[in-house]
Amino acid sequence: MKNLTLFTTAALILSACSSPKIVRKISSADRPAEAVCEARVTYGKSDIQKCHLTSGSTEKSFYLFRGEGSIEEIQYAQGYLLAEQVHHGSIEEMMAFFDKEMKNAGKSRWLLEALNECQMKRLKKSTSPELMGAIKAVARGYSDGMKAKGLTPKYTEDDFIFSLLGIEVGNIFGGIAQEKGEKPVAAFSKMIAQCGMRIAGSGIKEILKGIKKSPAHEKKMGCVGLIAPDSATGQGLIHGRNLDQSPLMKTWAKSPVIYLIKETGHIPYVAAGTAGLIYPGGISGFNQHGISVSLHQMNTTRWDSKHKEGSALVVPYLQQKILREAKSIDEAFAIIQKTNVFSSWTIFIGDSKNQDVASIEISANRKVIARRHKNEVMGQSNHYLAPEMQKEHFHANTAAYLETQSRLLQMEKVLNESKGRIDVDWAMETLSSHIDYFEGERSFGRTAVKLSNIMSSIAHPARNEFWMTIGDRKPAAHSWYVGTKVDFPQMQLDVISMNKSFKLENHSPLEDSYSYAVEAFKSYKAHDNKKAIEQLQTSVKLAAKNERVDTSALYNISRLYMMESNYPEAKVYMDQLLAKKAEFHPYHQGLISMYSARLKQLVAEESADIATLYKEAKDHFIKIQKESKYGHGVSNLKAKIKLIDKWSKGKEAKIPSLDFAVND
């Protein structure tokens, strides 16, 4: 690797292509789309090709990366060739996100920094040398690539380690935050046992106060998936997924990349990602033997940041290891079983050779094939189905649990209803769906498309085709897909077509309303509630032009006004929901009744309905609690019941924070 640490402009060699390649497609809506790809730029055995898609006023760049050699050689080349894109990409947003979290911690900042330092030390010691080497290689490549262009690198090797292992730190902090509400003594004891010297001198109250609880799923790879085998398509297995990740909403689509990777001595694979990502195969992709994968993240309190030195992998890298080594689902599961991991995930996997489909549920404590079928459709979202895995994950509130249930139920419903009609176009339509299994059409909340949708991809191994959205609009599932053809023996990756979902082509105000809702979510995450309200109000007006009532936006506007202590305005919006309360799922009927009653109190409205509304809300919550099979979200239900008891007796109690993404 010594030769790779030397950076010279001469290392960049233009490929033999003397002119750009133009691919043109006329869409089904008679809208032209054109992709122009520049000549390849090479470093060692790897190269990058920048492409530009244009369609009307839409202009968006994307990249094709081909990597060959050892994992370190490939990652160094990626960092070198995409240095500027990496500089302004996900690492920038991840580091800014962490800095913001620290600043918001106030007096507890030192404690969070100590806990982070402690857990990162444990993770780094446990992580395999191969993965650590890959991270360090992309960091060196980035630094040398920036210097070769006369630019100053900002991010250090430690920054890359944090950003690429940091997803597990997020899992750990999310688990601690959940556990502090349910089992505070256990949470305190665990932190002291692991990080005692760093947090010595702090009492239980100070430590637990420092771990602020925010909706854990908002920091996760939300992700809905579908696999339709040949029996449903007539043209081979199709594997689609949405990637949802709120901390990366600003930067992921700046430089989207389709990767074709051939590590020395391993199986080549194609995958989707963003500049600087060392494990694109840990997002979604397929290999030369027709194994396709997508990764789906869980929340857990049963994490483990310490394993035998050098024996563990973050699960995104583990999934990529499957692509480079597995020729069957059995081989994939064998790789999983012998690998230590830190937290809870699901690997959704298909084999296009024999139409085998499986959902493999993984935690630090257990690994099981929860579902497995031959030649049958299957959907995937973000909850475990195996009974023995239920303690390995949690859902912070009932709305979050309903969301993942709705996405899975709706996906499997349409998969079964559409057998014989499923193709890549159908997958694009389905991944961009705004149908809630429980309530029907709505903007966001429990639909296939989430507010945090940053990328969608579709694998069609039988045809060696891989499709990825380029993020020209938000949510990403509504943006253009670039279709590529893969030639594994020749290591060729070529753009063959562009396509997208056109079902909203004649409803542009509605589609624009979705984009405003996404921007509102970003404003909310940036703690700008007033801007979020304005954007949601615009979203509501645009939806109305297509005769839609955006109840998700109405709920969030009301709750945001509550956070701003503007109770009269909050009541105006909640009253609209109260008038149509019967149309909602029982849980949201309970929320509407509870907040309607509270707002009547806060605006000093004399109403006999207040007691009735509180009783209705409490009855709904108690019924849902009793019917809960595994207890997901129950602790939050109990908290809401206690809150109702206080409010109904005229006592003061803080209004809970809004969970924007799932309307809680």
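The values are calculated or read from the model by the stated rules, or taken from the named source; none is laboratory data. None of these values were measured; they are calculated from a predicted model. All Cβ positions, glycine included, derive from the backbone under ideal geometry; neighbour counts span all protein chains shown. All accessible areas refer to the heavy atoms of the entire protein, side chains included, with ligands and DNA or RNA removed. Shrake-Rupley method; radii C 1.70, N 1.55, O 1.52, S 1.80 Å.
Within segment 511-534, residues that are among the basic types (Lys, Arg) and part of a helix (DSSP H, G or I) have Cβ atoms under 7 Å from residues that are at pLDDT 95 or above and open to solvent by less than 30 Å² (accessible area, probe 1.4 Å) in these pairs: 531/523, counting only partners at least 6 apart in sequence or on another chain. Inspection of segment 600-609 finds a residue satisfying the criterion of being farther than 17 Å from residue 574 by Cβ and surrounded by fewer than 20 Cβ atoms within 10 Å (Cβ to Cβ).
Within segment 563-606, being within 32 Å of the chain's Cα centre (by Cα), in a helix (DSSP H, G or I), of a type in the set (Ser, Thr, Tyr) and under 22 Å from residue 535 (Cβ atoms) holds for 573, 595.
Would you check if residue 359 is open to solvent by less than 20 Å² (accessible area, probe 1.4 Å), of a type in the set (Ser, Thr, Tyr) and either in a loop (DSSP other than H, G, I, E, B) or within 21 Å of residue 124 (Cβ to Cβ) (or both)?
So residue 359 fails the test.
Determine whether residue 145 is out of contact with any Phe, Trp or Tyr (no Cβ under 6 Å at 6 or more places or on another chain), farther than 19 Å from residue 320 by Cβ and either open to solvent by less than 40 Å² (accessible area, probe 1.4 Å) or among the hydrophobic types (A, V, I, L, M, F, W, C) (or both).
no
Counting only helices (runs of 4 or more DSSP H) wholly contained in segment 36-108, the ones carrying 3 or more residues that are modelled with pLDDT of 95 or more and within 22 Å of residue 488 (Cβ to Cβ) occupy 71-81. Does residue 624 fit the bill of being farther than 19 Å from residue 177 by Cβ, surrounded by fewer than 20 Cβ atoms within 10 Å (Cβ to Cβ), at pLDDT 95 or above and within 28 Å of the chain's Cα centre (by Cα)? Yes: the conditions hold for residue 624.
Looking at segment 342-353, is at least one residue in contact with a Phe, Trp or Tyr (Cβ under 6 Å, 6 or more places away or on another chain), in a strand (DSSP E or B) and either small (Gly, Ala, Ser) or open to solvent by 40 Å² or more (accessible area, probe 1.4 Å) (or both)? Within segment 342-353, none of the residues are in contact with a Phe, Trp or Tyr (Cβ under 6 Å, 6 or more places away or on another chain), in a strand (DSSP E or B) and either small (Gly, Ala, Ser) or open to solvent by 40 Å² or more (accessible area, probe 1.4 Å) (or both). Could you list, in sequence order, the residues of segment 442-487 that are out of contact with any strand residue (DSSP E or B) (no Cβ under 6 Å at 6 or more places or on another chain) and more than 27 Å from residue 56 (Cβ to Cβ)? Of everything in segment 442-487, those that are out of contact with any strand residue (DSSP E or B) (no Cβ under 6 Å at 6 or more places or on another chain) and more than 27 Å from residue 56 (Cβ to Cβ) turn out to be 445, 462, 463, 487.
Just one of (1) more than 31 Å from the chain's Cα centre (by Cα); (2) closer than 30 Å to residue 523 by Cα; (3) exposed (fewer than 14 other Cβ atoms within 10 Å of the Cβ) fails for residue 644. It is (3). Residue count for segment 420-441 under the criterion of being open to solvent by less than 20 Å² (accessible area, probe 1.4 Å) and either assigned to a loop (DSSP other than H, G, I, E, B) or not aliphatic (A, V, I, L, M) (or both): the result is 6. The single condition from (1) assigned to a loop (DSSP other than H, G, I, E, B); (2) among the small types (Gly, Ala, Ser); (3) surrounded by fewer than 19 Cβ atoms within 10 Å (Cβ to Cβ) that residue 370 fails is (1). Considering each residue of segment 347-354 in turn, at least one proves to be closer than 22 Å to residue 244 by Cα, touching a Gly at 6+ places or on another chain (Cβ under 6 Å), in contact (Cβ under 8 Å) with a residue 12 or more places away in the chain and of a type outside the set (Asp, Glu).
Scanning segment 325-341 for residues that are over 20 Å from residue 310 (Cα atoms) and open to solvent by less than 10 Å² (accessible area, probe 1.4 Å) gives 326, 329, 332.
For segment 215-255, the set of residues classified as under 19 Å from residue 167 (Cα atoms), part of a helix (DSSP H, G or I) and either β-branched (Val, Ile, Thr) or modelled with pLDDT of 90 or more (or both) consists of 248, 252, 253, listed by residue number.
Out of segment 373-382, which residues are open to solvent by 10 Å² or more (accessible area, probe 1.4 Å) and of a type outside the set (D, E, K, R)? 373, 375, 377, 382 - these are the residues of segment 373-382 that are open to solvent by 10 Å² or more (accessible area, probe 1.4 Å) and of a type outside the set (D, E, K, R).
Residue check: residue 547 meets all listed conditions (1) part of a helix (DSSP H, G or I); (2) closer than 22 Å to residue 579 by Cβ; (3) without any contact (Cβ under 8 Å) to a residue 24 or more places away in the chain but one, namely (1).
When the criteria are applied in full, residue 615 fails the requirement of being among the basic types (Lys, Arg) and open to solvent by less than 40 Å² (accessible area, probe 1.4 Å).
Take residue 582 and decide whether it is open to solvent by 60 Å² or more (accessible area, probe 1.4 Å), of a type outside the set (D, E, K, R) and free of Cβ contacts under 8 Å to residues at least 12 places away in the same chain.
yes
Looking across segment 389-423, the residues that are of a type in the set (D, E, K, R) and modelled with pLDDT under 95 come down to 391, 392.
Among residues of segment 256-290 being among the polar types (S, T, N, Q) and assigned to a strand (DSSP E or B), the one that is surrounded by the most Cβ atoms within 10 Å (Cβ to Cβ) is 284. The residues listed here are 385, 408, 415; of these, the one that is open to solvent by 10 Å² or more (accessible area, probe 1.4 Å), among the aliphatic types (A, V, I, L, M) and part of a helix (DSSP H, G or I) is 408.
Please work out if residue 92 is open to solvent by 50 Å² or more (accessible area, probe 1.4 Å) and within 21 Å of residue 480 (Cα to Cα). Taking the combined requirement at face value, the residue does not satisfy it. Is segment 548-562 home to any residue that is over 30 Å from the mean Cα position of the chain (by Cα) and open to solvent by less than 50 Å² (accessible area, probe 1.4 Å)? No. Of the residues contained in segment 526-544, one or more are found to be in contact with a Pro (Cβ under 9 Å, 6 or more places away or on another chain), over 22 Å from residue 567 (Cα atoms) and open to solvent by less than 20 Å² (accessible area, probe 1.4 Å).
Note on segment 480-497: residues that are among the polar types (S, T, N, Q), part of a strand (DSSP E or B) and open to solvent by 40 Å² or more (accessible area, probe 1.4 Å) total 1. Residue-level check: of (1) in contact (Cβ under 8 Å) with a residue 40 or more places away in the chain; (2) acidic (Asp, Glu); (3) in a helix (DSSP H, G or I), residue 309 misses just (3).
Of the numbered conditions (1) under 19 Å from residue 71 (Cβ atoms); (2) free of Cβ contacts under 8 Å to residues at least 24 places away in the same chain; (3) among the hydrophobic types (A, V, I, L, M, F, W, C), residue 102 fails exactly one; give the number of that condition. In the conditions (1) under 19 Å from residue 71 (Cβ atoms); (2) free of Cβ contacts under 8 Å to residues at least 24 places away in the same chain; (3) among the hydrophobic types (A, V, I, L, M, F, W, C), residue 102 misses (1) alone.
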